[in-house]
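Enquirer: After the structure tokens below, expect a handful of questions from me.
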Amino acid sequence: MPKYYPNKVCGYWLYFTAFCVIEAMHVHASPDGKHRETSAAKFFVKPDGSTTVANRGVLTDRDVNKIQAFIKMHYLEMYRQWCEVSANGFFQGS
């Protein structure tokens, strides 16, 4: 499971999995780094760095806002990592 950063952000690992790359670019956030639907959040990333929360997992509103702000600041470097393993680009939905 590739992590976007070697350290936690707001107490969560930000990552994607090899199974994820068939979808548009997104970021999972999990406290333990394991891909569990019940605890992991999922943020689809748009071309401007804003996100759509597909699943909030165990994140509080405050943590969701902090992670969204972090993704907005770092989405281009995260996107470069995503493009190394996926031909799918940014999320185009609403």
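Per-residue answers, yes or no, for (1) β-branched (Val, Ile, Thr); (2) in contact with a His (Cβ under 7 Å, 6 or more places away or on another chain); (3) at pLDDT below 85:
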position	(1), (2), (3)
Lys3	no, no, no
Lys8	no, no, no
Tyr15	no, yes, no
Cys20	no, yes, yes
Ala24	no, no, no
Ala29	no, no, no
His35	no, yes, yes
Ala40	no, yes, no
Phe44	no, yes, no
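Enquirer: What about Asp48, is it surrounded by fewer than 18 Cβ atoms within 10 Å (Cβ to Cβ), touching a Ser or Thr at 6+ places or on another chain (Cβ under 8 Å), in a loop (DSSP other than H, G, I, E, B) and of a type in the set (D, E, K, R)?
Expert: Answer is no for this residue.
Enquirer: Could you count how many residues in the range 65-93 are touching a Ser or Thr at 6+ places or on another chain (Cβ under 9 Å) and either among the aliphatic types (A, V, I, L, M) or closer than 15 Å to Ala24 by Cβ (or both)?
Expert: 5
One line per residue, one yes/no per condition, for (1) touching an Asp or Glu at 6+ places or on another chain (Cβ under 8 Å); (2) crowded, with 21+ Cβ neighbours inside 10 Å; (3) of a type outside the set (D, E, K, R); (4) assigned to a strand (DSSP E or B):
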| residue | (1), (2), (3), (4) |
| --- | --- |
| Met1 | no, no, yes, no |
| Asn7 | no, no, yes, no |
| Leu14 | no, yes, yes, yes |
| His28 | no, yes, yes, yes |
| Ser39 | yes, no, yes, no |
| Thr52 | no, no, yes, yes |
| Val58 | no, no, yes, no |
| Val64 | no, no, yes, no |
| Ile67 | no, yes, yes, no |
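The values are calculated or read from the model by the stated rules, or taken from the named source; none is laboratory data. All of these numbers come straight from a predicted model, not from anything done at the bench. Every residue, glycine among them, receives a Cβ derived from its backbone with ideal geometry; neighbour counts consider all protein chains shown.
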